[in-house]
Amino acid sequence: MKYWGEYKIRLAKTILGQQKAIQNLSYYRNQLFYYIVLYTLVFSPIAIVPGIFASYQTGFINLAILNALTFLILLVLAFIKPIKIETRKLILVSFLFIISWTLLFELKLEGPGLMYLFTVTIVTCLIHSGKVAYLLILINSIILSLIGLNIEFQWLSLAISEGQSITTWFGVVVNLIFLSIIIVACFEVIFKKLEKIIIQQRQLNEIVNQDNQKMLDAQKVLKEKNEELNQFAHTIAHDLKEPLRSMQAFAHLTISKYKESIPEKGQEFLTHIQTSSERMALLLDSLLNYAQIGKGKQMSAFSVKELVKELERDLSQLIEENEAKVIYNGLPEIVGYEIEFKQLLQNLIANAIKFKKDEEDIEVKIEANEKDQHWEFLVADNGIGIDPKYKEKIFTIFHRLHKDKFPGTGLGLANCKKIVEIHGGKIWVDSEPEVGSTFIFTISKNLENSVKNE
Ligand code: ADP
């Protein structure tokens, strides 16, 4: 098997050279030629050795020489390097042609001779082209007709003309020519169709490649734009904090210094300015936090169960105040960004407790399911639920549904989405108003590879 492999590679290098897999018909014709040489060389001794032996025994020395020459020619075709593939094909076809005519003229073996002629035509059509095969048929027809005439008129004393009847000769020859034409014509039709398919396939491949490239370019641009947007959000949030701080400070100063001289309404307005600027500061901080997500992220293996236990401690006040129950079981160990993952779970658990129904005990269930390519996590609650029409909007920045009833910045779920995305996953919600919500997100199991490919 090892030698066969080496032999195949050696022959491919000699015959095909550094030919790339260009998808056209001549590529396949060359491949066919390569396989013809590959197999004929190996199996030719089965025909050649008995051939030489028989020729020697019967005194047909020419035939013995021809047999030995055939093997030699095959060796040349297979192993001698600086010969173009078209020349190799020509050598093979010419040699087969010579064999046929030697069999016919020298040895009067019209059976095998004619069979060889037919074979040469087919091989030519396969490895070369229909046109060359037709030319060969024409040459054969002329020579075979001349032999036929010679049978009748005895111009030359040829072994093949002896004892033949012109009727039988033309009967056999016409059949051979007819068969050759039919086969070559059929091959030509099939080859034309094949060529069309190959061209279409190549064009399709090119389109797919171009589209892939376009998609990759678009992804790159999108990533850059996202990065820019992140940077922009960060700068804006950062720069706005400075004037906001002075606004807050001056409002505070004005109230404390001039409280007596400012009418009640004025004091009320100033307090409004203060609370609004505090809210704005909170929003800016949240925006800064949003822009920072994923920066300096560190991948590690960690236990989600341990993380939830930590969160129970961090959120103990919220959990106890609301008498909430956090239930979890069979949470796995995963590879991801631990700090960000913790923030993701914290947001979802805190929301599950915050958006509660007044009359019901709060229950938050956390579950994980293992899939082929990813982990699937579920955080389910029995809270107020979400109207299906807001199922997607709630994941966008600053989108809040119950502004008056529940406090918040509208950035919690946007953060969750961003964190899930850096983990190569998706997040969505299944919910029924007044029954509860289940937030589902996936985390890629192949994070290490996807980071490497970025
Ligand atoms: P915030 O909690 O600051 O309002 P979020 O981005 O975390 O902002 O959530 C956006 C909106 O999605 C919330 O205002 C709320 O209306 C809705 N929401 C989020 N989590 C839940 C939940 N567990 N149950 C019901 N509604 C929810």
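The values are calculated or read from the model by the stated rules, or taken from the named source; none is laboratory data. Everything numeric in this text was worked out from a predicted model, so none of it was measured. Heads up, the Cβs are rebuilt from the backbone with ideal geometry, glycines too, and the neighbour counts pull from every protein chain shown.
Under 30 Å from M247 (Cβ atoms), within 16 Å of the ligand (Cβ to nearest atom), under 41 Å from the mean Cα position of the chain (by Cα) and buried (at least 16 other Cβ atoms within 10 Å of the Cβ) - does that describe any residue in the stretch 364-371? Within the stretch 364-371 (the criterion being under 30 Å from M247 (Cβ atoms), within 16 Å of the ligand (Cβ to nearest atom), under 41 Å from the mean Cα position of the chain (by Cα) and buried (at least 16 other Cβ atoms within 10 Å of the Cβ)), the answer is no, since none of the residues qualifies.
I'm trying to understand the selection: among the residues of the stretch 102-126, which are of a type in the set (V, I, T) and buried (at least 23 other Cβ atoms within 10 Å of the Cβ)? Hits for the stretch 102-126 are V120, T121, T124. The residue list Q317, Q346 contains one member that is more than 13 Å from the ligand (Cβ to nearest atom) and assigned by TED's automatic domain parsing to the domain that holds I440, which is Q317. Tell me, yes or no, whether the stretch 74-81 has at least one residue that is of a type in the set (K, R) and part of a helix (DSSP H, G or I). Scanning the stretch 74-81 turns up no residue that is of a type in the set (K, R) and part of a helix (DSSP H, G or I). Considering each of K452, K445, K426 in turn, give the residue that is modelled with pLDDT under 95, surrounded by 13 or more Cβ atoms within 10 Å (Cβ to Cβ) and among the basic types (K, R). Within the list K452, K445, K426, the selection yields K445.
Residues in the stretch 327-360 that are under 34 Å from the mean Cα position of the chain (by Cα) and β-branched (V, I, T): I334, V335, I339. Pairing residues of the stretch 432-445 that are farther than 13 Å from A368 by Cα and within 11 Å of the ligand (Cβ to nearest atom) with residues that are among the polar types (S, T, N, Q) and in a strand (DSSP E or B), at Cβ distances under 9 Å and at least 6 apart in sequence or on separate chains, gives S437/S431. Applying the criterion of being more than 12 Å from K325 (Cα to Cα) and part of a helix (DSSP H, G or I) to the residues of the stretch 351-362, the residue that is nearest to the ligand (Cβ to nearest atom) is N351.
Of the residues making up the stretch 75-83, at least one is touching a residue at least 40 places away in the same chain (Cβ under 8 Å) and closer than 29 Å to I190 by Cβ. Scanning the stretch 213-249 for residues that are of a type outside the set (S, T, N, Q), out of contact with any helix residue (DSSP H, G or I) (no Cβ under 9 Å at 6 or more places or on another chain) and farther than 16 Å from Q292 by Cα returns K214, M215, L216, D217, A218, K220, V221, L222, E242, P243, A249.
Restricting A380, A368 to residues that are modelled with pLDDT of 95 or more and in contact with a Lys or Arg (Cβ under 7 Å, 6 or more places away or on another chain) narrows the list to A380. What number of residues within the stretch 384-425 satisfy the criterion of being assigned to a helix (DSSP H, G or I) and under 23 Å from I362 (Cβ atoms)? The total comes to 8.
Listed conditions (1) in contact (Cβ under 8 Å) with a residue 12 or more places away in the chain; (2) under 26 Å from G424 (Cα atoms); (3) in a helix (DSSP H, G or I) are all met by G294, apart from (3). Filter the stretch 373-398 down to the residues that are more than 25 Å from L283 (Cα to Cα), of a type outside the set (S, T, N, Q) and in contact (Cβ under 8 Å) with a residue 60 or more places away in the chain, then identify the one that is nearest to the ligand (Cβ to nearest atom). Result: V379.
Of all residues in the stretch 405-423, those that are more than 8 Å from the ligand (Cβ to nearest atom) have Cβ atoms under 9 Å from Cβ atoms of residues that are part of a loop (DSSP other than H, G, I, E, B) and of a type in the set (K, R), 6 or more apart or on another chain, in K417/K426; V420/K426; I422/K297. The residue list A159, A78 contains one member that is of a type outside the set (F, W, Y) and farther than 23 Å from R29 by Cα, which is A159.
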